[in-house]
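Here, each number is a calculation from the coordinates, and none is a lab measurement. Everything quoted here is computed from the prediction, not taken from an experiment. Glycine also receives a Cβ, built like all others from the backbone with ideal geometry; neighbour counts cover every protein chain displayed.
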Amino acid sequence: MTTQKHFSHVNGKMLVENIPLSDIAKQVGTPFYCYSNTAISENYKDYQQAFSTVLPDQDTLICYAVKANGNQAVLSTLAKLGSGADVVSIGEIRRARAAGIPANKIVYSGVAKVEPEIEYALNEGIFQFNVESEPELELISQVATRLNKEAAIAFRINPDVCANTHAKISTGKAENKFGVPISKARIAYNRAASLPNIKVQGVDVHIGSQLTQLAPFEEAYKRIAQLIIDLRSDGHNISVVDIGGGLGITYNDEVIPSKQAYASIAKKQLGHLNCKIIIEPGRSLLGNAGILVSSVVYVKTGEERQFLILDAGMNDMIRPSMYEAHHEIVAVDQSQTDLKTYDVVGPVCETGDTFAKARQVHESKSGDLIAIMSCGAYGAVMASTYNTRMLAPEIMVKGSDFAVVRARPSYDEIINADSVPSWV
Ligand code: LLP
């Protein structure tokens, strides 16, 4: 059984929306990522509805965090629904613009923006820079002055709140590299107001990813609300509050607060400030809208355990190796077999290339299809060609249609990207 809507077993065979996964596998080969367009749209609309119900008079903008999955088909789907984008590089600005996301719906986060990126963003006319440090602010001011443009900014504030998530994706503690410490924020804003071609307009916060509780959000927003009051009393015109991303998803048995409950926290802590609210969800829009499909290459009996060796590896989906992340692993065809206990591993030459240990999966044999669930976010975007393995293609399904939205590259493309100097 899976908990992902639009990915379900019917008569023992897994469908994505109306299409049997085995049909797609026959046409494109494995491994491949598969996204449900309907799931993405529904997740987006859920956010929209939650915020418009809870905060009906508030101007809210959803800026999808492109880093979660930057495929053009994903971004175009969200652009058509009215989404903006949270970007962290010039590449992501280009991706968002190419997919039709208007520049005035783009917020630019990112720890170390460099001059060409700032220039590009200013020329595009993005909505806001989420500034991470005072040196970055100085550079934005210099570039904006040179271009005779005005840069609208918010500082990303580090509120020193524990997000209770994996250490590698927790960002809002004082020890993390992100943002301006809340204790120094008023000085930073005063500095910003004194710099040429800078328009102070907002406050931004993002405390981490895969949060499963509302309390850390609430604590962060409470601190930000007080800061906004202080900044206004210092004479700054704060009209935007960007409350970040971070709402988790169910990978295993996590119980995630509803989007409505999340919106209620925003209302309770920030609703009275009459700011435009920006949210930057990534994982909660895409995570459960996608899976990674692979084939069993071999079933190997070790000394103590059985290994299900897949044709997908850590280069295709790194989350279990990198964050000890749990992903459900299910046989695509469950029509007749019993459950067996396997270590599910990839073909890459590292012990860390393990998707799951001692996991119950329907008994499988070489050639059978296996789905690694909840891979729509931080899956394909984090893939590499390590071991000179080709990037897995991406497929999007809508109803009874499917399309390859990023093709599998050829070996020539990978190898010909290198060149050999004449002096070698
Ligand atoms: N806004 C900012 C400034 C961020 O840094 C992030 C994620 C988001 C929004 C979106 O957060 P979400 O809604 O997706 O939680 N690769 C890791 C996740 C890294 C998240 C980084 N920042 C993983 O696979 O778990």
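Sequence neighbours fewer than 8 away in the same chain don't count; with that in mind, list the aspartates and glutamates whose C-alpha is under 18 Å from K149. Those aspartates and glutamates meeting the cut-off are E115, E117, E119, E124, E136, E138. Using only Cα atoms, find the angle between the long axis of helix 115-124 and the longest principal axis of the chain, and express it within 0 to 90 degrees, rounded to the nearest 10. With rounding to tens, the tilt is 80 degrees. Cβ-to-Cβ counts within 10 Å put R223, R232, R389 in ascending order as R232, R223, R389, the fewest first.
Once backbone amide H atoms are built at 1.01 Å from N, K276 has V240, V241 as its partners under 5 Å, excluding neighbours fewer than 5 places away on the same chain. Shape verdict for the stretch 37-285, please, from the Cα gyration tensor: rounded (a/c under 1.5), prolate (a/b greater than b/c) or oblate. Oblate is the answer for the stretch 37-285, as a/c is 1.5 or above yet b/c matches or exceeds a/b. Among the listed pairs K177/K222; K45/K67; K67/K357; K5/K80; K45/K105, a Cα-Cα separation exceeding 25 Å is found for K67/K357.
Based on C-alpha pairs under 8 angstrom that are at least 6 apart in sequence, the stretch 37-285 has a relative contact order of 21 percent. Counted by Cβ distance under 10 Å from L339, the other residues give a net charge of 0, where Lys and Arg count +1 and Asp and Glu count -1.
Treating r as the C-beta distance of K13 and N176 and R0 as 51 Å, the FRET efficiency rounds to 0.70.
Within the shell of other residues whose beta carbon sits under 12 angstrom from the beta carbon of V10, the net charge comes to -1, with Lys and Arg scored +1 and Asp and Glu -1. Quick one: helix 37-54 against the long Cα principal axis of the chain, what's the angle to the nearest 10°, folded into 0 to 90? So the inclination is approximately 30 degrees.
Partner aspartates and glutamates whose Cα lies under 17 Å from the Cα of K365, excluding those fewer than 8 positions away in the same chain, are identified as D311, D333, D338, D343.
Rounded to the nearest angstrom and listed largest first, the equivalent-ellipsoid semi-axes of the chain from its Cα gyration tensor are 40, 24, 20.
With a 10 Å Cβ neighbour count serving as the proxy for reagent exposure, in which order, fewest first, do E394, E124, E303 appear?
Least to most surrounded, the residues fall as E303, E124, E394.
When Y323, Y221, Y35 are arranged by Cβ crowding within 10 Å, least crowded first, meaning fewest neighbours, the order is Y323, Y221, Y35.
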